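Peer 1: Attaching a single structure in structure tokens format; questions to follow.
The values are calculated or read from the model by the stated rules, or taken from the named source; none is laboratory data. The structure displayed is predicted, hence computed values, not measured ones. So basically every Cβ, Gly included, is an ideal-geometry build from the backbone, and we count neighbours across all protein chains shown. Heavy atoms of the whole protein, side chains included, go into the accessibility calculation; ligands, DNA and RNA do not. Shrake-Rupley method; radii C 1.70, N 1.55, O 1.52, S 1.80 Å.
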Amino acid sequence: MKKVLFIATEYPPLATTGVYRSLKFTKYLYQFEVDPIVVTLTKESSFDIFGKIVDNSLLTEIPKSTVIHRIPCNSIKPYFSNKFKEFVNIYFSINDIIGRVWKKEFNIHIENIIETEKPTVIYTSLPPFSIGKLVTKIALKHRIPLIIDMRDGWLTWRTAPFGSYLHYLLTKREERYIFENADAVIGTTKELLEIFKYDHPMIDRNKFHWIPNGYDCSLIHKGLLLKKYNPKEKLKIGYVGSFYYSPKGQQDLNTPWWKKKGHKILQYIAVKEDWFYRSPYFFLLTIKRIIEKHPHLSSYIELHFVGKKPEWIDSMIQSIGINAAITFHGWLCQTDCRDLLSTFDAVFVTAAKRIGGVDWALPSKVFDYISAQKFIFAMVPSSATRNFILNTNTGVVLDPDNIDKAAIDLSNVILNGAKLSLNIDELQCYNRRNTAGKLSSIIYSL
């Protein structure tokens, strides 16, 4: 049995999006002779940092033999108690504040944990990105092989510009530092790994490994069905999770420097990503076009949103003028979300647009959709999500840059129904037992 110090800042009973990858790895790694020794925040500290988003049912998925060390962290709230402190702690930093605030308690406790548990490998899941340097220093000090698991890009994930070109250079240096000193770097999509290799060409390409997010269920069927239009029924189309779109951040990305004021004049954009495409705007606009052409569908189509309601979405809906029933369900625990998802006939997903390139993100909600065996409407530009939907045949891809064609394609599916034959062999790569097996192979290779 290989002991791994498994540092996961987000962990149950916290129920943020970042929890699930770490949870599922610890759930399945025992089957591959790997013993994860979990190091995370105390419940109180995690609620202080990430908000009190709780789902106690997640605790039942952790094997009973799993050792969990919960280390306290001082509150981050004093650092953001007024607008001046908030500005200072955001602008004069290249990452989040969690690593800085947790550092003292973490370093005290981690020494005792390493001495007691004697791990042969250290693994950590990022973000929060500030934890990367913290864990790297511990690994170097104790000469323990290190695995960095990047759930998201750091240098490349920009919903708003860098504070300045210096912010960009310092971020790149810190990302390079943790990659150089890691023995393995994992990315959730192949597209993300290619970006890492491009940004850091001097790092050995053999260090980078692809382990995607995934699903738990057994795919016992060979296809997905979408019912044909029936005026006596409703077509429920759902969306689960956040959109990661900010009108303010988007404005900063699109406004030229000479039109900005104060410190914003120094803002720097390395690669432009249009996160407006991640919002539901283009899908809602497509639904509007469909109803304009087929008015009888206005009483047939229902849109359902699950998750925290964005403050900007009401004005977006109003500006589009869509004539369809829209329901916001708010945040739901895993069980309630799964139950509601089962009532949907189809779901939709979006992706950011990477100007001159391919968006690297594949939202974890896609696998929730697959687990629920739901037909996916993918309103996506060139992206990892688009590639996944096409390769697995789990949905219909719609072009957000051609709404007229998207409306025709989607209305044909809605009016006539559809059946998709899943690419089961491709989907097996994303089964969480198999992804845990990939991680165990890396662990045993170090």
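Peer 1: Please determine, by comparing only the residues of the range 183-240 that are among the basic types (K, R) and closer than 30 Å to Y300 by Cβ, which one is surrounded by the fewest Cβ atoms within 10 Å (Cβ to Cβ).
Peer 2: Quick first cut of the range 183-240, residues among the basic types (K, R) only: 190, 197, 205, 207, 222, 227-228, 232, 234, 236.
Filter once more, keeping what is closer than 30 Å to Y300 by Cβ: 222, 227-228, 232, 234, 236.
On the way: K222: 10, K227: 13, K228: 12, K232: 5, K234: 13, K236: 17.
Checking each candidate, the answer is K232.
Peer 1: In this structure, is S441 surrounded by 23 or more Cβ atoms within 10 Å (Cβ to Cβ) and polar (S, T, N, Q)?
Peer 2: Values: surrounded by 23 or more Cβ atoms within 10 Å (Cβ to Cβ): no; polar (S, T, N, Q): yes.
Answer is no for this residue.
Peer 1: Now for a different question. State the number of residues belonging to the range 148-173 that are open to solvent by less than 30 Å² (accessible area, probe 1.4 Å) and acidic (D, E).
Peer 2: The qualifying residues number 1.
Peer 1: Let me ask another. I need the strands (runs of 3 or more DSSP E) fully contained in the range 280-396, keeping only those with at least 1 residues that are in contact with a Gly (Cβ under 6 Å, 6 or more places away or on another chain).
Peer 2: Values: elements: 301-306, 325-328, 346-350, 375-379.
Those strands (runs of 3 or more DSSP E) span 301-306, 346-350, 375-379.
Condition check ((1) open to solvent by 70 Å² or more (accessible area, probe 1.4 Å); (2) under 15 Å from P161 (Cα atoms); (3) modelled with pLDDT of 85 or more) across all residues:
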{"site": "Y245", "(1), (2), (3)": "no, yes, yes"}
{"site": "G262", "(1), (2), (3)": "no, yes, yes"}
{"site": "L266", "(1), (2), (3)": "yes, yes, yes"}
{"site": "S279", "(1), (2), (3)": "no, no, yes"}
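So that you can scan it fast, the table gives a plain yes or no per residue for (1) open to solvent by 30 Å² or more (accessible area, probe 1.4 Å); (2) in contact with a Lys or Arg (Cβ under 6 Å, 6 or more places away or on another chain); (3) within 21 Å of I53 (Cβ to Cβ); (4) modelled with pLDDT of 90 or more:
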residue: F328; (1), (2), (3), (4): yes, yes, yes, yes
residue: S342; (1), (2), (3), (4): yes, no, no, yes
residue: D345; (1), (2), (3), (4): yes, yes, no, yes
residue: V358; (1), (2), (3), (4): yes, no, no, yes
residue: D368; (1), (2), (3), (4): yes, no, yes, yes
residue: P381; (1), (2), (3), (4): no, yes, no, yes
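Peer 1: Select from the range 23-43 the residues that are over 21 Å from the mean Cα position of the chain (by Cα) and either over 20 Å from I71 (Cα atoms) or assigned to a helix (DSSP H, G or I) (or both) and list them in ascending order.
Peer 2: L29, Y30, Q31, F32, E33, V34, K43
Peer 1: Here is a further query. Among the β-branched types (V, I, T) and in contact with a Pro (Cβ under 8 Å, 6 or more places away or on another chain): which single residue out of T394, T350, T343 fits that description? First the steps, then the outcome.
Peer 2: Numbers: T394 fails: in contact with a Pro (Cβ under 8 Å, 6 or more places away or on another chain); T343 fails: in contact with a Pro (Cβ under 8 Å, 6 or more places away or on another chain).
It is T350.
Peer 1: Follow-up question, since we're still on this one. Across the range 172-218, what is the total count of residues that are without any contact (Cβ under 8 Å) to a residue 12 or more places away in the chain and of a type in the set (G, A, S)?
Peer 2: 1
Peer 1: Sort out which residues of the range 250-279 are outside any helix (DSSP H, G or I), over 22 Å from L362 (Cβ atoms) and either of a type in the set (V, I, T) or touching an Asp or Glu at 6+ places or on another chain (Cβ under 9 Å) (or both), and write them in order of number.
Peer 2: From the range 250-279, those outside any helix (DSSP H, G or I) are 255-256, 260-261, 267-274, 279; that's our starting set.
Okay, now just the ones that are also over 22 Å from L362 (Cβ atoms), so 255-256, 260-261, 267-269.
Those that are outside any helix (DSSP H, G or I), over 22 Å from L362 (Cβ atoms) and either of a type in the set (V, I, T) or touching an Asp or Glu at 6+ places or on another chain (Cβ under 9 Å) (or both): T255, K260, Q267, I269.
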